[in-house]
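Remarks on the structure that follows.
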Amino acid sequence: MTTKETYNEIVEEVQSKAEFEDLLPENDNSTKLLADYSSKSKVDPWRGIAWVIASIISAFRLDFDKFKEDTGVEARNNRIGTADWWLASAYAFQYGDFVEVISGKTNYAVIDEAKQIITNASHQVNAGINLVKCVKGEFPDFEPLSAAEASSLRSYYKRIAPPGISYAVISSVAEEIKIVANVYYNGNKDIATVTANVEAAIEDYIKYLPVEGENNIFNGTLVQNELIDKVRSIEGVNDFQLTEILISVDGQDKVPGRTYQPLSGWLRMKDGFPLSNTLTYYATNV
C-alpha cells in the first residue's frame, strides 16, 4: 500500500468522526493536501501530521515485507529434518571432508563438487526411521558406496541431523529380478520386431521403476499390473501373461507381492536369465 493510499485511509477515518467536522476541508484527500501545501493557503495541522504518519506507516510496511521475504527464504533453506533436507544433504555430502559450524550453520568450509559422489538418492520414513538410499555413478550403471564412503556418510548425518532423530543409510548392489512370461502376439506381425519391442519395454520398465510424486529414476516401485499393461500396449501384442517373478536379495530368491519396492532402491535383470530365454511367444488372433 502506498503512502497516498494510507493517507486517504486516515482521512476517511477522520471524516467518519462527527467531532472533527469543523476541522475538515471538503472532500479532503492526499491530492488536495499536496495542492494546498504548494499554495500559500493555510493548511490544517492535522492534515500534515496525517501525511507524516502515513509516510512512516508506508516505510514500515516496506521494511516489514522485506523482513518477511528474508525470513521466509531463511526458513525454507533451513527446514531441518524434512524430506527435502535429507535429500539435499545427501547430494551435498563431500567424501573426505568434514563439516564445520560456520556462522551458526553446519556446512563445509569449501564446497567442492568433485567430492560430491552421490548421484541418486531417496528418502522415506519406515517405522519412524528416516531411510536414505543412495548410489553413485551414472544411470543405468549405478554403484553402491564403498564401505568407507557409506561409513563417512553416516558420520556426516550424525553431525548434521537433529538430536534424537533415527536414520539409516542404505547403499547396496541392485536386487536382481527374474521374469518368466508368455507373450501372445498377432501372427501377422514380424516376430523379430515384436520380440525386440517386448524385451526393450520390460528392460526399460525395470530401469525406470515408477516413483510416486517424483520425476526420478531411483527407489521406484515395481507394480506387476503396470508392467503387464506396458507390454500389452505394444503394437502386435495381444496379451502378456506373467508366470513367474523372483527377486534375488543377497543371493536369496523370494516372490514379490503385487508391488515391490527394492530395499536397495534399484533392480536389474538376473544374471543367467535374459529375457530372450525366459519369454515364450505364441502367435494368436486374440
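Side notes on the structure shown:
- Some residue of segment 145-167 being of a type in the set (Ser, Thr, Tyr) and closer than 22 Å to Val211 by Cα: yes
- Among the residues of segment 238-260, those that are buried (at least 16 other Cβ atoms within 10 Å of the Cβ) and among the polar types (S, T, N, Q) comprise Asn238, Ser248.
- The number of residues in segment 88-99 that are part of a helix (DSSP H, G or I) and buried (at least 18 other Cβ atoms within 10 Å of the Cβ) comes to 2.
- Test: residue in segment 173-188 that is crowded, with 18+ Cβ neighbours inside 10 Å, at negative phi and within 20 Å of the chain's Cα centre (by Cα): no
- The one condition from (1) within 30 Å of Lys136 (Cβ to Cβ); (2) among the hydroxyl-bearing types (Ser, Thr, Tyr); (3) at pLDDT 95 or above that Tyr205 does not meet is (3).
- Against the numbered list (1) closer than 30 Å to Ile80 by Cα; (2) open to solvent by 70 Å² or more (accessible area, probe 1.4 Å); (3) of a type outside the set (Val, Ile, Thr); (4) touching a helix residue (DSSP H, G or I) at 6+ places or on another chain (Cβ under 7 Å), Lys230 comes up short only at (1).
- Going through (1) over 19 Å from Val249 (Cα atoms); (2) out of contact with any strand residue (DSSP E or B) (no Cβ under 8 Å at 6 or more places or on another chain); (3) of a type outside the set (Ser, Thr, Tyr) one by one, Val173 falls short only on (1).
- The single condition from (1) closer than 23 Å to Pro140 by Cα; (2) touching a residue at least 24 places away in the same chain (Cβ under 8 Å); (3) within 30 Å of the chain's Cα centre (by Cα) that Asn225 fails is (1).
- Check on Asp141, closer than 17 Å to Trp266 by Cβ and open to solvent by 50 Å² or more (accessible area, probe 1.4 Å): yes
- Gln224 vs. criteria open to solvent by 70 Å² or more (accessible area, probe 1.4 Å), farther than 26 Å from Val169 by Cα and modelled with pLDDT of 95 or more: no
- Residue in segment 160-170 that is more than 23 Å from the chain's Cα centre (by Cα), open to solvent by less than 70 Å² (accessible area, probe 1.4 Å) and closer than 30 Å to Phe273 by Cβ present: no
- Of all residues assigned to segment 187-195, none qualifies as being touching a residue at least 60 places away in the same chain (Cβ under 8 Å), among the basic types (Lys, Arg) and over 30 Å from Ala83 (Cβ atoms).
- If you go through segment 100-121 and keep only what is under 18 Å from Lys158 (Cα atoms), among the polar types (S, T, N, Q) and assigned to a strand (DSSP E or B), you end up with Thr106, Asn107.
- Some residue of segment 129-144 being without any contact (Cβ under 8 Å) to a residue 40 or more places away in the chain, under 26 Å from Asp253 (Cβ atoms), outside any loop (DSSP other than H, G, I, E, B) and in contact with a Lys or Arg (Cβ under 6 Å, 6 or more places away or on another chain): yes
The values are calculated or read from the model by the stated rules, or taken from the named source; none is laboratory data. What you see is a predicted model; the values in this text were computed from it and never measured. Cβ coordinates were reconstructed from backbone atoms using ideal geometry, including for glycine residues, and neighbour counts include every protein chain displayed. In case anyone asks, the SASA skips ligands and DNA or RNA and just uses the protein heavy atoms, side chains included. Shrake-Rupley method; radii C 1.70, N 1.55, O 1.52, S 1.80 Å.
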